[in-house]
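Below is one structure, written out as structure tokens, with a few remarks after it.
The values are calculated or read from the model by the stated rules, or taken from the named source; none is laboratory data. Source: prediction; values computed, not measured. Backbone-built Cβ (ideal geometry, glycine too); neighbour counts: all protein chains shown. For the accessible areas, the whole protein counts, side chains as well, though only heavy atoms, and no ligand, DNA or RNA atoms are used. Shrake-Rupley method; radii C 1.70, N 1.55, O 1.52, S 1.80 Å.
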Amino acid sequence: MKFKSVFDIIGPVMVGPSSSHTAGAARIGLLARNLFGGQAEKVDIYLYGSFRDTYQGHATDVALLGGLLGYDTDDDRIIRAKEEAKLNNMEYSIIEMNEERSHPNTAVLHLFKGEEELVIEGVSIGGGKIELVSINGYNINLSGNYHALLVFHKDEFGTIARVTTKLGDEELNISQMSVSRKEKGQVALMTVELDDTISKEALEEIRAVKGVDRVIEMTGG
Amino acid sequence: MFNSINQLVERAVKEDISISEVMIQQEMENTGQSYLDVYNLMKINLETMENAVKEGIEGVNSTTGLTGMDAVKMAKYIESGRGLSGELNLLAIQNAISTNEVNAAMGKICATPTAGSAGVVPGVLFAMVQKDPSITEEQKVRFLFTSGAFGFVVANNASISGAAGGCQAEVGSASAMAAAALVELAGGTPEMSAHGFSIAMKNMLGLVCDPVAGLVEVPCVKRNAAGASNALTAADMALAGIESRIPADEVIEAMYKVGLTMPSALRETGRGGLAATPTGERLKEELFGVK
């Protein structure tokens, strides 16, 4: 079931005009910001399908920028996001894509800051609800509503067990989990959704696990 | 968790509780929050809706100028006493228009289930309250939980997105949710709520999403008014004891399948229907300089 809460249906409280194209877009931007760990210096925004066709009317581009600046769906500053991006030194470009993705409301965000880069693909599935469908080219499926760890690790035996054992030691329950890789034996991505938040210390321990490359924490909201 | 209207109604009947109570209990079970937490979260949504209704009646304009000030006209018309339909219906129309004009003006609203269809549920709810100020806060909050329970099933089994399923998935869903909640507020049984829901959704099947220039303005604002009126019509039928021949879950499935067969030009791309009329095309060109 994609929708788990009554507040997915009645809500969110948001700045208009569209829950999928404005509020959902803001949430995709905000999720990208959180995954990136802060504000980007530059961001390329690729729009597909209905997002591409109607973004001007729905302020989809403005809302994506608002989210990237840290504004939630009900933040009045979303309306001024383009001006705020300039004031906050966040460069951006909006690119209309002709190819179609699996969902009509799709945005791909490429964030840059110094040497750091992150590419996320988000879809807005209605009523302001979103899903993260890929990160740096790895396919995943995350709602953004739950606490999750995105663990990039070496694709070899034992790594997953070491990470999940560590979570077990911390008495953290896994609600959902998936593994994705591009090529055998290279870097893989383990997505672990948790029932509770992980402590800073435990997070550092996971980062230190043999075979683990990089860990991104996603906080629910 | 309930995943069909059938399960939802069964649980309410078996435990002898209202639909809103089933929804509140499920939310508490899923999130571990208390009754008060869940109630208060919904109260914030309720307050947002009430403010949006008031704001629109005072008068707002969208940045494009395509919509705005019609709620003011409606309010004056109601005051004049010349209305053809009953006052409840007129108030529902006024409130629905008001909410969606605020939405189009990038004001603050609560998506129910979406922003484009945000006028329907508060439209009828606050019409009921305007007619009968003795309706309590708890009744209003429960109205939203009942709406949400029905919308929850639609969202998980079909769609509430115009881009995926057309306007039937947005205003159609909202209208059906509102009808079900109206029945509960008026003292009908859970089964009657399901019939009201079915009747309202059936009457909206096939409705396309064809926003002029891709904006949530034309025809969205007026479709919300229609969705509100349709909810009242369906609720009255259900309260009269009229039953839907097709069960609610099958109506939802039909809505989903109709959405799948709808061409993309009629699913929130702004490329078909009213958006593709000569006037629709002209407005788009005037606003964005492109055809």
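Some points to look at:
- Neighbour net charge for A:Asn173 - beta-carbon separation under 9 angstrom, K R +1, D E -1: -3
- The mean sequence separation of alpha-carbon pairs under 8 Å and at least six residues apart, normalised by the residue count of chain A, gives a relative contact order of 20 percent.
- Nearest 10 degrees, 0 to 90: helix B:220-239 Cα axis against chain B principal axis: 30 degrees
- Between the C-alpha center of the range B:1-80 and that of the range A:106-149 there is a gap of 29 Å.
- Under 5 Å between amide hydrogens, built in the peptide plane, is the criterion, and for B:Met69 it picks out B:Val60 among residues at least 5 positions away or on other chains.
- Sequentially through the range A:203-209, phi angles give Karplus couplings (6.51, -1.76, 1.60; θ = phi - 60°) of 4, 5, 5, 5, 4, 8, 4 Hz, Gly and Pro residues having no value and appearing as x.
- Sequence-distant residues sharing a close amide H with A:Asp213 (under 5 Å, placed H): A:Phe152, A:His153, A:Lys154
- Of A:Leu47, A:Leu69, A:Leu87, the one that fluctuates the most in a GNM where chain A has Cα springs shorter than 10 Å: A:Leu87
- Spatially close Lys pairs in chain B, defined by Cα atoms under 25 Å apart and a spacing of eight or more places or different chains, total 28.
- Top of B:Thr67, B:Thr146, B:Thr269 by mean-square fluctuation, Gaussian network on chain B, Cα under 10 Å: B:Thr269
- Partner chain coverage, peptide B:150-161 - average Cβ within 10 angstrom: 5
- Phi angles across the range A:33-46 convert, under the Karplus curve 6.51 cos²θ - 1.76 cosθ + 1.60 with θ = phi - 60°, into 3J(HN,Hα) values of 4, 5, 5, 6, x, x, 7, 7, 7, 8, 9, 9, 10, 9 Hz, Gly and Pro given as x.
- Distance distribution note for the range A:147-218: the fraction of Cα pairs above 19 angstrom is 23%.
- Remark: the Cα gyration tensor places chain A in the prolate category, a/c being 1.5 or greater and a/b exceeding b/c.
- For the pair A and B, total buried accessible area rounded to nearest 100 Å², probe 1.4 Å: 3200 Å²
- Cα long-axis angle, helix B:5-14 against chain B (0 to 90 degrees, to the nearest 10): 30 degrees
- Most mobile listed residue (A:Asn34, A:Asn88, A:Asn139) in chain A, GNM with C-alpha springs under 10 Å: A:Asn88
- Dividing the summed -39500 (n - 2.57) terms of all DSSP H runs of n ≥ 4 by the residue count of chain B sets its mean residue ellipticity at 222 nm at -20500 deg cm²/dmol.
- Crossing angle, helix B:87-104 versus chain B [Cα axis fit, 0-90 degrees, rounded to tens]: 60 degrees
- Rounded if a/c under 1.5, otherwise prolate or oblate - the range A:74-200, Cα gyration tensor axes: prolate
- Kirkwood-based Rg to Rh ratio, the protein assembly as shown, C-alpha trace: 0.99
- Taking a ≥ b ≥ c as the square roots of the eigenvalues of the Cα gyration tensor, an a/c ratio of 1.5 or more together with a/b no larger than b/c marks the range B:54-187 as oblate.
- Shape analysis of chain B yields a ratio of the Cα radius of gyration to the Kirkwood radius, Rg/Rh, of 0.97.
- Under 12 Å, Cβ to Cβ, from A:His58 - net charge with Lys/Arg +1 and Asp/Glu -1: -3
- A helix-only calculation puts chain A at -7500 deg cm²/dmol for mean residue ellipticity at 222 nm, using -39500 (n - 2.57) for each DSSP H run of at least four residues, averaged over all residues.
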